[in-house]
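The values are calculated or read from the model by the stated rules, or taken from the named source; none is laboratory data. The shown structure was predicted, so the numbers you read here are calculated from the model rather than taken from an experiment. Counting neighbours? That spans all protein chains shown, and the Cβs are built from the backbone with ideal geometry, glycine included.
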Amino acid sequence: MFKPLSLYVGLRYTAAKRNNNFISFISLVSMLGLMLGVAALIVVLSVMNGFDRELRERILGMVPHATITGYDANIQNWQQVAEKIALDKRVIASAPFIKSQGMLTYAGRVRPAFVQGIDPQAESKVSIVTQHINSGSWQRLEAGKFNIILGDLLANYLGLRLGDKVTLILPEASVNIAGVTPRLKRFTLVGTFSVGAELDGSLGYIHISDAARFRRIQGVEGIRLTFEDLFEAPIAVRDIALKLQGIFQISDWTRTQGNLFRAIQMEKRMVGLLLFLIVFVAAFNIVSTLVMVVTDKKADIAILRTLGASQGLIMRIFMVQGIVIGSFGTFLGTLLGVVLALTISDLVGFFERILGIQILSPDVYFISDLPSQLIWGDVWVIVSVALAISFFATLYPAYKASRTQPAEALRYE
């Protein structure tokens, strides 16, 4: 089988036993360094992707992808508006809402809260809250009963249990025969939810008809939209608002939560850049390895040159050595990184059980398990960059080998 001379000699040099054990040790170190760098990059980026996914699913599963509200008044004919919105194929579902910001008080404890009046049937299509009810029942949000469902952190802070009466106070004044008094109403706690996000400590739900009676408003404040692709929300909600008759205000998740996810993406890039330094260090080891090999093989290079080997052939021989070291280290690192990325959640759980500790305490963090999401696009980028760095690391030593003069190299042999 045909094999180029440069590849044949380069592979022989790579596999051959060396008289200088230090060179073999440096070769092994450079290979292991590259392996560890690639593996660390894959694992860390997979964990950051996992956190990004969990935050997206939990937070954006609760907050609206987009909202359409009346410009200077409430939406009276919201059913007709919802029917027109449903004609857009990008929309999965929509639900009306009335939002209220106020204070919840119980047994002398006071806590600020964001309480939403919702239609329980429609809300279950646009929110993940129904999948995270941990006590009570979502179905108990009935019109006219003035029931409320709160996040578990909010309920725990107030010391509430199912069936307790909690008072909601709005920053609005009511004028009656007793004078000017704050608007307040007692609600019965019928359930709690936990989505593992900051919303557990500030959010509550009541029936939309109860919210309208309490706020003394007609219609609804707005309509919440959920899209097939949440990244289409900013453009899609503008398109929908232009097709509706009337003047509406629009908002989307990039205005309310965009800074959080941009910060996560920036952190991911910076961490990836820092971890690539490990790969660069390994590449420097490849350079030092090849420089020492060139020095050790000067006599062989000189003999090859006297036999007619060109400078390009000598250069390719030593490039093959560096590329083999880099490719082997990258392959092992990719294999190790992929395996760890796919199993790190189970491994962390195993060590937590063995050592009796919890790395992500639920008392401190909203996510108690270490999430991981392997994205193959990240893997290909890491492998490509590692191979490119390994290739460029071979150029200087290979060039130095090609400039070896046979007469000078053989003078003292």
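Just so you know, in the range 243-254 the residues that are touching a residue at least 40 places away in the same chain (Cβ under 8 Å) and under 15 Å from HIS65 (Cα atoms) include one that is surrounded by the fewest Cβ atoms within 10 Å (Cβ to Cβ), and it is GLN249.
Name the single residue that is surrounded by the fewest Cβ atoms within 10 Å (Cβ to Cβ) among those in the range 126-176 being of a type in the set (Gly, Ala, Ser) and closer than 23 Å to GLY222 by Cβ. Give the derivation first.
Step one: filter the range 126-176 for residues of a type in the set (Gly, Ala, Ser), giving 127, 135-137, 143-144, 151, 155, 159, 163, 173-174.
Retained after the next criterion (residues that are closer than 23 Å to GLY222 by Cβ): 127, 143-144, 151.
Details: SER127: 23, ALA143: 14, GLY144: 9, GLY151: 26.
If we take residues in the range 126-176 being of a type in the set (Gly, Ala, Ser) and closer than 23 Å to GLY222 by Cβ, then GLY144 is surrounded by the fewest Cβ atoms within 10 Å (Cβ to Cβ).
Take the residues of the range 241-299 that are farther than 30 Å from SER390 by Cβ and basic (Lys, Arg): which is farthest from the chain's Cα centre (by Cα)? Per the criteria, the residue is LYS243.
Out of ARG213, ARG224, ARG238, report the one residue that is over 21 Å from PRO64 (Cα atoms) and basic (Lys, Arg).
Details: ARG224 fails: over 21 Å from PRO64 (Cα atoms); ARG238 fails: over 21 Å from PRO64 (Cα atoms).
After applying the criteria, what remains is ARG213.
Under the condition of being in a helix (DSSP H, G or I) and either hydrophobic (A, V, I, L, M, F, W, C) or not assigned by TED's automatic domain parsing to the domain that holds ILE208 (or both), the residues counted in the range 151-162 number 4. If you go through the range 374-392 and keep only what is within 20 Å of the chain's Cα centre (by Cα) and either in a helix (DSSP H, G or I) or crowded, with 17+ Cβ neighbours inside 10 Å (or both), you end up with LEU374, TRP376, GLY377, ASP378, VAL379, TRP380, VAL381, ILE382.
For the range 80-97, the tally of residues that are over 19 Å from ILE208 (Cα atoms) and part of a strand (DSSP E or B) stands at 2. Across the range 362-374, the number of residues qualifying as modelled with pLDDT of 65 or more and farther than 17 Å from THR343 by Cα comes to 1. In the condition set (1) surrounded by 15 or more Cβ atoms within 10 Å (Cβ to Cβ); (2) free of Cβ contacts under 8 Å to residues at least 12 places away in the same chain; (3) among the charged types (D, E, K, R), ARG316 is compliant with all but (2).
A search for C-beta distances below 9 Å between a residue of the range 381-408 that is not assigned by TED's automatic domain parsing to the domain that holds LEU313 and any residue that is modelled with pLDDT of 85 or more and surrounded by fewer than 16 Cβ atoms within 10 Å (Cβ to Cβ), counting only pairs 6+ apart in sequence or on different chains, returns nothing.
Could you check how many residues of the range 324-355 are within 17 Å of ILE382 (Cβ to Cβ) and buried (at least 17 other Cβ atoms within 10 Å of the Cβ)?
In the first step, residues of the range 324-355 are kept if they are within 17 Å of ILE382 (Cβ to Cβ); the result is 326-342, 344.
Still in the list and also buried (at least 17 other Cβ atoms within 10 Å of the Cβ): 326-327, 329-330, 332-334, 336-338, 340-341, 344.
Qualifying residue count, the range 324-355: 13.
Checked against (1) in contact with a Ser or Thr (Cβ under 7 Å, 6 or more places away or on another chain); (2) within 30 Å of LEU387 (Cα to Cα), LEU45 passes all but condition (1).
Quick one: which helices (runs of 4 or more DSSP H) lie wholly within the range 191-275 and hold at least 1 residues that are among the aliphatic types (A, V, I, L, M)? Break it down stepwise before answering.
On the way: elements: 208-215, 233-243, 253-256.
Per the criteria, 208-215, 233-243.
If the condition is being in contact (Cβ under 8 Å) with a residue 40 or more places away in the chain and assigned to a helix (DSSP H, G or I), then the range 98-146 contributes PRO120, GLU123, LYS125, VAL126, VAL129, HIS132, TRP138, ARG140.
Right, ILE148: in the same structural domain as LEU225 (by TED's automatic domain parsing), over 30 Å from the mean Cα position of the chain (by Cα) and modelled with pLDDT of 90 or more or not? Even if it seems obvious, please write down each step before you answer.
Working: in the same structural domain as LEU225 (by TED's automatic domain parsing): yes; over 30 Å from the mean Cα position of the chain (by Cα): yes; modelled with pLDDT of 90 or more: yes.
Judged against the criteria, ILE148 is a match.
Of all positions in the range 109-124, at least one carries a residue that is in the same structural domain as ARG224 (by TED's automatic domain parsing) and under 30 Å from SER345 (Cα atoms). When you look at GLN257, is it surrounded by fewer than 14 Cβ atoms within 10 Å (Cβ to Cβ) and either outside the structural domain of GLU83 (by TED's automatic domain parsing) or touching a residue at least 40 places away in the same chain (Cβ under 8 Å) (or both), yes or no? Answer is no for this residue. The numbered conditions (1) farther than 25 Å from GLY144 by Cα; (2) basic (Lys, Arg); (3) at pLDDT 90 or above are all true for ARG186 except (1).
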